[in-house]
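In what follows, a structure is listed as structure tokens, so that the remarks can point back to it.
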Amino acid sequence: MATEDSSALNPGHWQDCADVYDFLDQIRLRPGMWLPGGSLPHLQSLLTGYRAALGVHGVEEDFAFWPEDDFNRWFQERRGVTGSLGWAVEIERSTPEGSTPVEEFFRLLDAYRSESGQEPARVEASKRFPGIEYMDNTFVTLFRRRQLLAEAELRLEGRGFRVVHLAAGKWASERDMHGAFAAALRFPDYYGNNLDALNDCLGDVACHGPYDDVPEGAGLVLSVTDYDRFAAVCPEAAQIVLDIVADRGRRAAVLRRRFFCLVHSNDPDIRFEPVGAMPVMWNREEWVDAKRR
């Protein structure tokens, strides 16, 4: 779908969007991927989720797409319509012959932006929201190359994160894993060295801060190397540990805290089941299988 403003746009990952208008421009480029059946109510749901995420993470950003907000008021004045149906339904009802609701929405969006002076701030999302690249699709991100992991750690430390290192290649048993977590995160003496206790103590660390009161800065990151070796000797525990981390990362995000895990694997084909109701994914540089070889 071409519009007068789309020729200069390039497809990109949504996590690189600087604001809601950047996000909408990515949808403009690939509407079939984002909007099943070209549904504007589906687009409205996406925007509602975007606005909810701003609130959860305490991000201040102008947002014009609530039913009572600027875009809807502008649309109603322009079309001379009133009522409570909202812009998505009204546009679908009034799309002229020869056009589609999606094309009509973006034509109106361009007019609204032009008249209201709304232009996206071209700033990478990762600069505005430190660590978001490791929290958007999953709270557990896989790495094959050590150099990429080291670079990620340096970037995060440069943005104020505290990075805690764990060497899973030394874990010959589940008990070794518990001992490493307890030592690295200064769990209390009563730590039970079992998965239920790990869940409880990681919950305290993720949602309330470290036991040793070390400043976290922007957030807390677990960096675990050689995790494939632990997964080979304790596959069930390895899966559960990642599930616990992901669940605690999600709960921390609700409290406007940042907690996530970077996991190194020597095995480029390693796979885990979804954790915390989210997938375990490779980092963006190694997402394609061939780039891990």
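Computed values, structure above
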{"read-out": "Check: region 64-205 dipole with +1 on Lys, Arg Cβ and -1 on Asp, Glu Cβ, in debye", "value": "680 debye"}
{"read-out": "Only Lys, Arg (+1) and Asp, Glu (-1) charged, at Cβ; the chain dipole about Cα centre in debye", "value": "560 debye"}
{"read-out": "Protection proxy ranking, peptides 73-80, 26-33, average beta carbon neighbours within 10 Å, highest first", "value": "26-33, 73-80"}
{"read-out": "Between helix 195-208 and the chain: long-axis angle, C-alpha atoms, 0 to 90°, nearest 10", "value": "50 degrees"}
{"read-out": "Degrees between helix 101-116 axis and first principal axis of the chain (Cα, 0 to 90, nearest 10)", "value": "90 degrees"}
{"read-out": "Förster-model FRET efficiency, 35 Å R0, residue 273 and residue 107, C-beta, rounded to 0.05", "value": "0.20"}
{"read-out": "Where labels lie 7 Å past Cα in the beta-carbon direction, separation of residue 42 and residue 155 in nm", "value": "3.0 nm"}
{"read-out": "Shape category assigned to region 19-80 from the gyration tensor of Cα positions, a/c cut at 1.5", "value": "oblate"}
{"read-out": "Unit charges at the beta carbon, dipole of region 27-123: most positive-side option, 74, 105, 116", "value": "105"}
{"read-out": "Percent carbon-and-sulfur accessible area, the chain, ignoring ligands, DNA and RNA, probe 1.4 Å", "value": "50 percent"}
{"read-out": "37 °C / 0.692 mPa s Stokes-Einstein diffusion coefficient of region 154-198, Kirkwood radius on C-alpha pairs, µm²/s", "value": "277 µm²/s"}
{"read-out": "Within the chain, percent of DSSP bridges classed antiparallel, to nearest 5", "value": "10 percent"}
{"read-out": "C-alpha long axis of helix 146-158 to longest principal axis of the chain, angle in °", "value": "70 degrees"}
{"read-out": "Projected area, mean over directions - region 130-287, Cα convex hull, nm²", "value": "8.1 nm²"}
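The values are calculated or read from the model by the stated rules, or taken from the named source; none is laboratory data. Since the model is a prediction, treat every value here as computed from it, not as a measurement. Neighbour counts run over all protein chains shown; Cβ positions are idealised from the backbone, glycine included. Side chains included, ligands, DNA and RNA excluded: accessible areas come from the protein's heavy atoms. Shrake-Rupley method; radii C 1.70, N 1.55, O 1.52, S 1.80 Å.
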